[in-house]
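The values are calculated or read from the model by the stated rules, or taken from the named source; none is laboratory data. Not measured: the values here are computed from a predicted model. Backbone-built Cβ (ideal geometry, glycine too); neighbour counts: all protein chains shown. In case anyone asks, the SASA skips ligands and DNA or RNA and just uses the protein heavy atoms, side chains included. Shrake-Rupley method; radii C 1.70, N 1.55, O 1.52, S 1.80 Å.
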Amino acid sequence: MYVPSHYAEPSGTWMADLVRDNPLALAVTNGTDEAGPFATHLPVIPDPATGETLGDLAPGTVLLGHMNRANPHWKSLRTGDLILLAFTGPHAYVSPTVYEMTPAAPTWNFTSVHVRGTVQTLEAGEETLAVVRATARMFEARFGAGWDQTESVGYFREIVAGVGAFRVTVTAAEGMFKLSQEQPADVRDRVRRSFGAQECTRRRAVADLMARLPEDQKG
């Protein structure tokens, strides 16, 4: 991912926060000569064995993912493969009308993190079941309403034969936080206020990130 310097991660926590808040990744691998690249949307969590924290996504961080075993992507996946996990955060269209100046051009403010790593496919059965349970537990705690999976473990065991789980050991991570940093302060503030005044939660989330930018990255 090409990241101009003024769109780089503002601080050491922004990438991890984006991945934690937007854990549905697009997983991309080279695939096969016949089929070409494979891309699958799937949930990703930090390995609970590491303390369930993403830290700063430094090399060596371990992530867990899973997908349907019937997916050709899974059938092509091998331990040692390189993988790209692309996470998308808040984003919104910027209309030139907000700039109150001309000439001007529209753009799109967006946030994204690309994580690269190596794959280790996991054994079917208990090892894969542990990934499924950990994923459900982590997401329920963060996004759910306190659901207790205890009475559903038997059901999990019935369906886990159709699941392929894997670990990713991170080798590199980069984030792009395009939030109008290149604009003059007054223009950037108008963009932020226009997003914050709208009902769309995604646009308001962009406004919140713009407000959190360190002073030295505000133009």
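If you place +1 on the Cβ of every Lys and Arg and -1 on the Cβ of every Asp and Glu, how big does the dipole about the Cα centre of the chain come out, in debye to the nearest 20?
380
Could you tell me how far the Cα centroid of the stretch 117-148 sits from the Cα centroid of the stretch 19-96, in Å?
Taking the Cα centre of each part, the stretch 19-96 and the stretch 117-148 sit 14 Å apart.
If you take the Cα atoms of the stretch 82-139, find Rg, then find the Kirkwood Rh from the mean of 1/r over all pairs, what is Rg/Rh?
Here the Rg-to-Rh quotient is 1.31.
For a quick protection proxy, order the peptides 175-188, 193-206 by their average other-Cβ count within 10 Å, most packed first.
Values: 175-188: 18.7, 193-206: 15.1.
Highest-to-lowest ranking by the protection proxy: 175-188, 193-206.
Over the Cα atoms of the stretch 5-120, Rg to Rh with Kirkwood Rh, two decimal places?
1.07
What is the set of long-range amide H partners of Val94 at a cut-off below 5 Å, with H atoms built 1.01 Å from backbone N?
Thr107, Trp108, Asn109
Tally Lys/Arg at +1 and Asp/Glu at -1 over every other residue whose Cβ is under 10 Å from the Cβ of Val3; what's the total?
For residues surrounding Val3, the net value is -1.
Tally Lys and Arg at +1 and Asp and Glu at -1 over the other residues with C-beta under 12 Å from the C-beta of His66: what net charge comes out?
Its environment carries a net charge of +2.
How compact is the stretch 37-83 by the rule of thumb for globular proteins, expressed as Cα Rg over 2.2 N^0.38 Å?
Here the answer is 1.30, to two decimals.
For Cα extents along the principal axes in Å, several values are listed as [x] 61, 44, 27; [y] 87, 43, 30; [z] 65, 57, 40; flag the one computed from this structure.
[x]
Return the carbon/sulfur percentage of the accessible area of the stretch 29-160, one whole number, probe 1.4 Å, all protein chains in place.
Percent of accessible area from carbon and sulfur atoms in the stretch 29-160: 54.
With Rg and the Kirkwood Rh both taken from Cα atoms, where does Rg over Rh land for the stretch 155-200? Walk me through the numbers on the way to the answer.
On the way: Rg = 21.7 Å, Rh = 15.6 Å.
Ratio of gyration radius to Kirkwood radius for the stretch 155-200: 1.39.
Work from the charge dipole of the chain (Cβ charges, +1 for Lys and Arg, -1 for Asp and Glu, about the Cα centre) and give the residue of Tyr2, Gly164, Thr32 farthest towards its positive end.
My answer, from the dipole projection, is Tyr2.
Taking the Cα centre of the chain as the origin and placing charges on Cβ (Lys, Arg +1; Asp, Glu -1), which of Pro48, Phe177, Ala197 is farthest toward the positive end of the dipole?
Ala197
Using the Cβ atoms and a cut-off under 13 Å, what net charge is assigned to the surroundings of Val113, where Lys and Arg are +1 and Asp and Glu are -1?
-2
Bin all alpha-carbon pair distances of the stretch 129-219 at 10 Å intervals from 0 and give each bin's fraction as a whole percent.
For the stretch 129-219, the pair-distance distribution reads 13, 26, 19, 23, 15, 4.
Roll a 1.4 Å probe over the protein chains and send me the accessible area per residue for the stretch 101-212 in Å².
Details: 5940 Å² over 112 residues.
Accessible area per residue: 53 Å².
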